[in-house]
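The structure appears below as structure tokens.
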Amino acid sequence: MTFTDLPDEVKNEFCDLANHLSPENVSCDGELSRGESMRRYQSLISRWHALEDSNDIEVTEDEVWNWWITSKK
């Protein structure tokens, strides 16, 4: 199975996580302390891995963004 074989609902969950993983979002535009940013990042990565595990697949952020860009054309 590849990322593109996943249901759109799951792909959209990965997109949401990828968006939240951007440095600006992880740190709230620099408003959070380094420690809080790291806790937030770890939480998001844990959710990412859980989503991968539940779908028996490994996914990269590049795959997610490439799908998102091409799906919006």
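Derivation of every value follows stated rules applied to the coordinates shown; laboratory data play no part. On a predicted model such as this, the values are computed, not experimentally measured, just so you know. Methodologically, a virtual Cβ is constructed for each residue, glycine included, from the backbone with ideal geometry; neighbour enumeration extends over all protein chains shown.
Key figures
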| read-out | value |
| --- | --- |
| Cross-chain or 6+ apart pairs with Cβ under 9 Å, region 12-32 first and farther than 14 Å from Ile45 by Cβ, then crowded, with 17+ Cβ neighbours inside 10 Å and β-branched (Val, Ile, Thr) | Cys15/Val64; Leu32/Val26 |
| Number of positions in region 51-73 that are over 27 Å from Asp29 (Cβ atoms) and surrounded by fewer than 13 Cβ atoms within 10 Å (Cβ to Cβ) | 7 |
| Subset tally (residues that are buried (at least 16 other Cβ atoms within 10 Å of the Cβ) and part of a loop (DSSP other than H, G, I, E, B)) for region 1-50 | 3 |
| Top-ranked residue in region 1-50 [being over 9 Å from the mean Cα position of the chain (by Cα) and of a type in the set (A, V, I, L, M); ranked as farthest from Trp67 (Cα to Cα)] | Leu32 |
| Per-region count, region 8-37, residues of a type outside the set (A, V, I, L, M) and closer than 12 Å to Ile57 by Cβ | 2 |
